[in-house]
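Asks: There's a structure below that I have some questions on.
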Amino acid sequence: MSTIVAESILFILAGYDNTASTISFVAFLLAQHQSQQQRLRQELREIAVDGTITYQDLMEAKYLDACISETLRLYPVAPFTERQCTKPYTVPGTKVVLNEKSVIGIPIWSLHHDPRYWSDPETFSPDRFLPPNKDQIKSGTYLPFGLGPRNCIGEWSSSVLVSCDVS
Ligand code: HEM
């Protein structure tokens, strides 16, 4: 019974709260950045030729995706995640040994704001997530949905949910 309650609460918090917060941050940033807002409105107007936006249209709305991705970079709703070491491990190229059962913190917010990986990191710039810039993003430096076998199970669906609300 406690497992069912725990999983239900996780779904409500992980699913609804993260999605709602992301939508709020997107709206906040677009309100502050009028030119990006106009560009997004233009993209959506061109897509919704007959006044409706289909699922397929959303998949093709590249600037919308870039705005949401950039929002999740600046304001990752999960600023931090953790992993527990299952066996002793030496970090490659160092003498740092992680012991079994050590808990490792992964600083998502700090990675997203690190000037070594992002030029002008405090600036809202959705263009970072459009080609060719997108290909320059270093693997492991952008983790709004975590990474690996325990990453967010809603990564794909939440992108669609946020896109629907923003548009
Ligand atoms: C914008 C929306 C969302 C964001 C930014 C987000 C972010 C995250 C992050 C960072 C994690 C931890 C991943 C890791 O440590 O590697 C996570 C885990 C999780 N998320 Fe999401 N999430 C979102 C939406 C959702 C939705 C819609 C659902 C449900 C349908 C969901 C369900 C889960 C679950 C169940 C986990 C735990 C996975 C596990 O431990 O194996 N999330 N999410």
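The values are calculated or read from the model by the stated rules, or taken from the named source; none is laboratory data. None of these values were measured; they are calculated from a predicted model. Virtual Cβ from ideal backbone geometry, glycine too; neighbours counted across all protein chains shown. For accessibility, only protein heavy atoms count, side chains too; no ligands or nucleic acids. Shrake-Rupley method; radii C 1.70, N 1.55, O 1.52, S 1.80 Å.
Asks: Within region 27-37, can one find any residue that is over 20 Å from Arg128 (Cβ atoms), out of contact with any strand residue (DSSP E or B) (no Cβ under 9 Å at 6 or more places or on another chain) and in contact (Cβ under 8 Å) with a residue 40 or more places away in the chain?
Replies: No, region 27-37 has no match at all.
Asks: On to the next question. If you go through region 1-56, how many residues are away from the ligand (no atom under 16 Å from the Cβ) and among the small types (Gly, Ala, Ser)?
Replies: Of the residues in that region, 5 qualify.
Asks: Condition (residue is touching a residue at least 60 places away in the same chain (Cβ under 8 Å), closer than 29 Å to Leu40 by Cα and not in a helix (DSSP H, G or I)) applied to region 120-131: is it met by at least one residue?
Replies: Yes; the residues of region 120-131 include at least one that is touching a residue at least 60 places away in the same chain (Cβ under 8 Å), closer than 29 Å to Leu40 by Cα and not in a helix (DSSP H, G or I).
Asks: Can you find a residue in region 112-131 that is open to solvent by 60 Å² or more (accessible area, probe 1.4 Å) and modelled with pLDDT under 95?
Replies: Looking for residues that are open to solvent by 60 Å² or more (accessible area, probe 1.4 Å) and modelled with pLDDT under 95, one finds at least one in region 112-131, hence yes.
Asks: Let me ask something else. Within region 1-107, considering only helices (runs of 4 or more DSSP H) that don't extend past its boundaries, which have at least 3 residues that are open to solvent by 60 Å² or more (accessible area, probe 1.4 Å)?
Replies: 2-11, 18-32, 34-47, 55-60
Asks: With the structure loaded, tell me whether Cys152 is part of a loop (DSSP other than H, G, I, E, B), buried (at least 17 other Cβ atoms within 10 Å of the Cβ) and either within 12 Å of the ligand (Cβ to nearest atom) or of a type in the set (A, V, I, L, M, F, W, C) (or both) or whether it fails that test.
Replies: yes
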